[in-house]
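S.K.: Right, I'll just put the structure down here and ask away after.
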Amino acid sequence: MELSYCNTPFLCTYDGFSSEEIPPIQVDAEKVTFPDTVKSHTKTQIFCFGPDGLLRRHDYRVDVLGGAPGLNYASDYRDVDGIIFPTKRRVYAYEGDYELVKEPLLVKIDMAEITLAYSSLAAA
């Protein structure tokens with residue numbers, strides 16, 4: 001599973017990332033440009049958030065697959081020690097102006113158990 005699946009939107013707060021609000025697709029969305037130091041599907045991606053501020057959809061093209069499009073839906077959120085995680089991810093292809101292609105399902109991720117490990121490192 002790609003690292004950004006579990007740590008978005010926190011990852012986007014790191015140095016080198018830039019974002020800009022774009023016109024709504026189905027929910028409010030932001031276009032994020034990843035710095036060269038972070039390897040991901042592609043450099044520019046779109047993150048769509050619901051009115052509660054939770055990620056609903058993550059749109060991108062997969063560079064290593066010749067720019068294959070992906071609509072990555074996040075759902076079934078669960079609170080784990082005060083941090084809200086989507087426990088289901090479903091990725092589909094899309095055509096044209098983000099028109100979902102239902103078959104085939106490209107990626108299915110279900111996270112049944114989520115455990116957070118805490119570090120006791122003191123600030124130097």
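S.K.: Which residue out of D59, D36, D52 is part of a strand (DSSP E or B) and modelled with pLDDT of 85 or more?
M.R.: D59
S.K.: Which of the residues that make up segment 26-68 are surrounded by 19 or more Cβ atoms within 10 Å (Cβ to Cβ) and either among the aromatic types (F, W, Y) or more than 12 Å from the chain's Cα centre (by Cα) (or both)?
M.R.: F34, F47, Y60
S.K.: If I go through segment 12-21 residue by residue, how many of them are among the hydrophobic types (A, V, I, L, M, F, W, C) and modelled with pLDDT of 70 or more?
M.R.: 1
The values are calculated or read from the model by the stated rules, or taken from the named source; none is laboratory data. If you're wondering where the values come from, they're calculated on a predicted model, not measured in any experiment. Neighbour counts run over all protein chains shown; Cβ positions are idealised from the backbone, glycine included.
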